[in-house]
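Q: One structure coming up, written as structure tokens, with questions to follow.
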Ligand SMILES: Cc1ncc(COP(=O)(O)O)c(C=O)c1O
């Protein structure tokens, strides 16, 4: 039954993508582009003079502000850099502590590790499987400067509790919304609760801008005023009139935060034009994913061994991924036993998302292997994801549901 590791065999570094021999694949993309999106890219290719930092970027930012209700929005090259930039503007430096959920994609930890601050891992809530505010509050010390939350898999974190804690201890809050564009709590979109919201348009996300892309939302005007320079090598206009437009140079280069080098975190115009078009389909995509998740949950409602995250009332979980927990107590089996059957017998390309970050060599070697996350440790070894994309047919869903039922029955017989 056991196969040699096939790490990075797929054509997508996320571990998704086509692998031969599966009846239910795990595609690298959530969905195809609309004709409107394709035309938008062609339009920039054919007609746009400047290819970056122009009217399509401003339009995308304005569209995203309107969509989310954010005070400010800045298109960027990816969410990792949006997170990094948020950490820079929060003033994170060596000696500070930043609380980061341990259950997330590695980019969340890396972006804040780069600041030199100490990463303190937050545990998950046992019901929602995203960051637990109670655990976060327990881990605050006099050195804590920033709280990071991740709306992982599309599930919003309890932002009311987080913002109450942040206010009590005067902390900044960064929301990692990479997997949750359009997710909301009582109608208020994620990315508008904290000081910063960081979105990703990576190729596998619910919306994408040709494989890479991101957006930083900012609450305070003062923080927002720092973004354009830090995003674009400190480039800005000269103050005051110049007699000759070329003297001393076409544009000035200056500093926004004392001692902090700026970067180039810009995104191209074609990606921004596509972003505006993709944004118009986002709610429909999210609705489809939510409906799909409901079908699976209904189909498996008589299989108590398969557990789903509990969505609090008023929360819009947009199901970027469909993660489950296998409670094999009725048959003394574990997640890997179930996956062995689903993968090898029924050819469903199930995967495991994500790994507690403190278990990765990278974080251990950087000094962040220590943790106190008992809920995540107990839960994670029995968690797994179904193959997932937008527009799964009823036939595929039924096949997967029936396969899971048969696999659980087999495991029960073998107990
Ligand atoms: C939770 C989370 N945070 C951050 C990122 C980083 O996003 P990007 O690939 O746009 O840098 C991702 C992307 O996969 C993610 O899933």
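The values are calculated or read from the model by the stated rules, or taken from the named source; none is laboratory data. These numbers come from a predicted model, not from an experiment. Using ideal geometry, Cβ is built from the backbone for each residue, glycine included, and neighbour counts are taken over all protein chains shown.
Q: Answer with yes or no whether residue 238 is touching a residue at least 24 places away in the same chain (Cβ under 8 Å), more than 16 Å from the ligand (Cβ to nearest atom) and part of a loop (DSSP other than H, G, I, E, B).
A: The answer is no for residue 238.
Q: Does residue 29 count as within 15 Å of the ligand (Cβ to nearest atom), under 19 Å from the mean Cα position of the chain (by Cα) and modelled with pLDDT under 95?
A: Yes, satisfied.
Q: Being more than 22 Å from residue 152 (Cβ to Cβ), part of a helix (DSSP H, G or I) and touching a strand residue (DSSP E or B) at 6+ places or on another chain (Cβ under 6 Å) is true for just one of 411, 342. Which residue is that?
A: 342
Q: Can you name the residue in the stretch 371-384 that is surrounded by fewer than 18 Cβ atoms within 10 Å (Cβ to Cβ) and touching a residue at least 60 places away in the same chain (Cβ under 8 Å) and, of all such residues, is farthest from residue 339 (Cα to Cα)?
A: Among them, the one singled out is 372.
Q: Could you tell me whether the stretch 165-176 includes any residue that is modelled with pLDDT of 95 or more and under 12 Å from the mean Cα position of the chain (by Cα)?
A: yes
Q: Hey, another quick one. Of all residues in the stretch 71-105, count the ones that are in a strand (DSSP E or B) and within 11 Å of the ligand (Cβ to nearest atom).
A: Residues of the stretch 71-105 in a strand (DSSP E or B): 72-76, 97-101.
Add one more test, that the residue is within 11 Å of the ligand (Cβ to nearest atom), and what stays is 76, 100-101.
Of the residues in the stretch 71-105, 3 are in a strand (DSSP E or B) and within 11 Å of the ligand (Cβ to nearest atom).
Q: Any residue in the stretch 153-170 that is assigned to a helix (DSSP H, G or I), crowded, with 19+ Cβ neighbours inside 10 Å and within 11 Å of the ligand (Cβ to nearest atom)?
A: yes
Q: So residue 303 clears everything in (1) assigned by TED's automatic domain parsing to the domain that holds residue 179; (2) part of a loop (DSSP other than H, G, I, E, B) except one condition, right? Which one?
A: Answer for residue 303: the failing condition is (1).
Q: Follow-up question, since we're still on this one. Scan the stretch 56-70 for residues that are away from the ligand (no atom under 16 Å from the Cβ) and under 24 Å from residue 187 (Cβ atoms) and report the count. It would help to see each step written out before you state the result.
A: Of all residues in the stretch 56-70, those away from the ligand (no atom under 16 Å from the Cβ) come to 56-59, 61-63, 65-70.
Next cut, under 24 Å from residue 187 (Cβ atoms) only: 61-63, 65-70.
Going through the stretch 56-70 one residue at a time, the tally reaches 9.
Q: Hey, another quick one. Specify the residue that is modelled with the lowest pLDDT; the eligible residues are those in the stretch 323-340 that are touching a helix residue (DSSP H, G or I) at 6+ places or on another chain (Cβ under 7 Å) and crowded, with 21+ Cβ neighbours inside 10 Å.
A: 333
Q: Within the stretch 212-235, which residues are in a loop (DSSP other than H, G, I, E, B) and within 22 Å of the chain's Cα centre (by Cα)?
A: Across the stretch 212-235, the qualifying residues are 212, 213, 219.
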